[in-house]
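Report on one structure; see the data block that follows.
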Amino acid sequence: MNTNDLKLFEAVASYNSFTKAAEAMFTVQSNVTARVKNLEEEFGATLFVRNARKVLLTPAGEVLMHYSKQIANLLDEAKSNIKSTQVLTGLLKIGCIETTMALKVPQILTDFGAAYPHIDLEFKSAMRSVLIQDVLDYRVDAAFVSGPISVSGLQQQLIKEEQLVILGPSNTASLSAVLNQHTFPKIIVFDQGCIFRARLESWLSGKGIVQYKPIIVNSIDGIINFVEAGLGISILPEEILTSYYAGRNIKTFSLNKELGTMTTVLIYRNNVVQSRILEAFINLYKEQTGVAAGCRE
């Protein structure tokens, strides 16, 4: 077995096809088939279930996939750490929820870029649950998510606490008026899995409202525009509104501490050796927050 065998194995799993994997890896299908067969013989287990339409991982294949990703990650980190030069170079992939993308990414690019100009930062915006899985599956190196979290294999670094507020159109007299105005109140939210949506739904539940009409949007601008137009209420970090939407025709309402306080943490894997690049990124936030170490879960 060599690392190329594992790359071919991962390609088959990714494309669910030996033919497509061969095309993607610039080789012939017979070579891919032979290398996968070699892995199956070496591990003494069937790695794929083959049917007429596609190829799927077996339970044994899922286990090997988990270790294959770790091996690839360790090799990349070894190459990075062994380099004799003191200048850090490379790519760091960071995930973040939508509001973090709006609030923090510009400053991250400025601060980290000034300290480490030869490191490229790549950002991905997604829901909290997706980002947690992306970190576990090595698709991103770290991610900003709402915390705290309790996931085996992950460590978290406190970033900050944010205050959430409910927002409505500027002519909103009170939240009670909004709730009493319609049989089914309308809420402007991101899709299922969004922490802000969950907080707003919890607030409605606390008011005895279990039936409401969600209007799904996919951006902060969309939420602001829909609320401003009087289509419903929503919830966002107060800092978003004061920093970027201070002049808009919206009105904010405070929440109690339990629902209104959101903690943002930076999560990363704790079961592998950290690359020098990721270590530098984490240390930047330890210095900014004054926290000596992350919270291990």
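Per DSSP H run of at least 4 residues, take -39500 (n - 2.57); add these up for the chain, divide by its residues and hand me the 222 nm value, nearest 500 deg cm²/dmol.
The per-residue figure over the chain is -14000 deg cm²/dmol.
Mind checking which of Q70, N2, F48 is farthest towards the positive end of region 1-121's charge dipole, using Cβ charges of +1 (Lys, Arg) and -1 (Asp, Glu) about the Cα centre?
Of the candidates, F48 comes out farthest on the positive side.
Over the chain, with every protein chain in place, what whole percent of the accessible area is carbon and sulfur at 1.4 Å, could you tell me? Mind showing how you got there, number by number?
Working: 7800 of 15360 Å².
Looking at the chain in its full context, I get 51 percent from C and S.
Given labels modelled 7 Å from the Cα in the Cβ direction, how far is it in nm from L259 to L179?
Inter-label distance under the simple model: 0.7 nm.
Could you let me know the centre-to-centre spacing of region 221-286 and region 107-159, using Cα atoms, in angstrom?
Spelled out, the Cα-based centre of one part sits 14 Å from the other.
Count of lysine pairs in region 111-252 with Cα atoms under 23 Å apart, counting only pairs 8 or more residues apart in sequence or on different chains?
So the count of such lysine pairs works out to 6.
Among V105, V49, V227, whose mean-square fluctuation peaks in a Gaussian network model of the chain (Cα, cutoff 10 Å)?
Of the options given, V49 has the highest mean-square fluctuation.
Under 5 Å between amide H atoms, partner at least 5 residues away or on a different chain: which partners does I159 have, H built in plane at 1.01 Å?
Result for I159 returns T264, V265, L266.
Which whole-number value in Å² is the accessible area per residue of the chain, probe 1.4 Å?
Working: 15360 Å² over 297 residues.
Result: 52 Å² per residue.
At a probe radius of 1.4 Å, what is the per-residue accessible area of I220, in Å² to the nearest 10?
Result for I220: roughly 10 Å² accessible.
Run down the lysines and flag those whose C-alpha is under 27 Å from the C-alpha of K37, throwing out any fewer than 8 positions away in its chain.
In chain and number order, the partners are K7, K20, K54, K69.
Using a Förster radius of 25 Å, what is the FRET efficiency between N225 and D191 based on their Cβ-Cβ separation? Nearest 0.05, please.
The value I calculate is 0.90.
Full extension from R248 to T46: what is 0.36 nm times the residue separation minus their Cα-Cα distance, to one decimal in nm?
Fully extending the segment from R248 to T46 adds 66.7 nm.
For Q163 and L56, calculate 0.36 nm times their separation in residues minus their Cα-Cα distance, and state this gained length in nm to one decimal.
34.0 nm
Of N180, N225, N271, which is the most mobile in a GNM of the chain whose springs link Cα atoms less than 10 angstrom apart?
N180
Using only the Cα atoms of the chain, each taken as one equal point scatterer with no solvent, compute I(q) by the Debye sum, divide by I(0), and report log10 of the ratio at q = 0.13, 0.14 Å⁻¹.
Log10 I(q)/I(0), no solvent term: -0.99, -1.06.
Along the Cα-to-C-beta direction of V63, a point sits 7 Å from the Cα; which residues of region 3-45 have their amide N less than 12 Å from that point?
Residues 43-45 qualify, since their backbone N sits under 12 Å from the label point.
The values are calculated or read from the model by the stated rules, or taken from the named source; none is laboratory data. Predicted model only: the values in this text are computed from it and were never measured. A quick note on method: Cβ atoms are made from the backbone with ideal geometry, for glycine too, and the neighbour counts reach across all protein chains shown. Keep in mind that these areas ignore ligands, DNA and RNA; they rest on the heavy atoms of the full protein, side chains included. Shrake-Rupley method; radii C 1.70, N 1.55, O 1.52, S 1.80 Å.
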